[in-house]
Every structure is written in C-alpha cells, then in structure tokens.
Amino acid sequence: MKRDVLVEALQQTHRSGGKPSLRPSDFMNDMAWRLDRLEGQLQRLSELVRDHAEDMDRLVRIVAEDRNVIRRQLLRKHHEKVRVRKHLRDTVSKTELTG
C-alpha cells in the first residue's frame, strides 16, 4: 500500500519535472531500488533505536544497583558510628557512676 502511494507520488513528480531522463521501466526499477533501500535503512534505524533503548535500560539498572550498594554502605557506616557513640556514652556514664 505505502509502496504504491510512494511510487505514484514519485511518478507524478517525475512527470511534472519536464523531460524524463529514464525510460518508464528504468524509472520504475530505479524507484523500486530506492524504495527497497529506504525501507532497509528504516529497518536498520529501528534496530539501532531499539538497541539504544535496551542499552539505556541496562545503564539505568546498573546505576540503580550502584546507588543501592552505595546507600547500603553508607547506612552500614552510619549504624557503626551510632553503635560507637552509644558504646562511648554507656562507658562514660558507667565511669561517672562508679567514679
């Protein structure tokens, strides 16, 4: 369907452009070749866009995993600091009570 519409539009453009430089059969072969090439390029472009989207999804997943790992590490460090402070408080309060 779209091929017929495109070929018809190109034929009309070709007819209105003056003297044809190619015979009608050569013109049709040329248009068919161009259309096939264009469809191939469009298919390749679609594949590249899909690959790019998949790569972006992978990168987002990697960044999210890294962020989660970093968050856990920071939380672990924070909990360790809290434990140390609590231990120091307990130690200081025990020495004040006994001393």
(request) Answer with yes or no whether Leu97 is in a helix (DSSP H, G or I) and at pLDDT below 90. (result) yes
(request) Please give the number of the condition Asn68 fails out of (1) open to solvent by less than 80 Å² (accessible area, probe 1.4 Å); (2) modelled with pLDDT of 95 or more. (result) (2)
(message) I'd like to know if segment 15-26 contains one or more residues that are at pLDDT 90 or above and basic (Lys, Arg).
(response) no
(message) Criterion first (out of contact with any strand residue (DSSP E or B) (no Cβ under 9 Å at 6 or more places or on another chain), modelled with pLDDT under 95 and surrounded by 10 or more Cβ atoms within 10 Å (Cβ to Cβ)) does Leu88 satisfy it?
(response) yes
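The values are calculated or read from the model by the stated rules, or taken from the named source; none is laboratory data. The model shown is predicted, which means the values in this text are computed figures rather than measured ones. Ideal geometry is used to build each Cβ from the backbone, glycine not excepted, and the neighbour counts take in all protein chains shown. When the accessible area is computed, the model is the full protein with side chains, heavy atoms only, and any ligands, DNA or RNA have been set aside. Shrake-Rupley method; radii C 1.70, N 1.55, O 1.52, S 1.80 Å.
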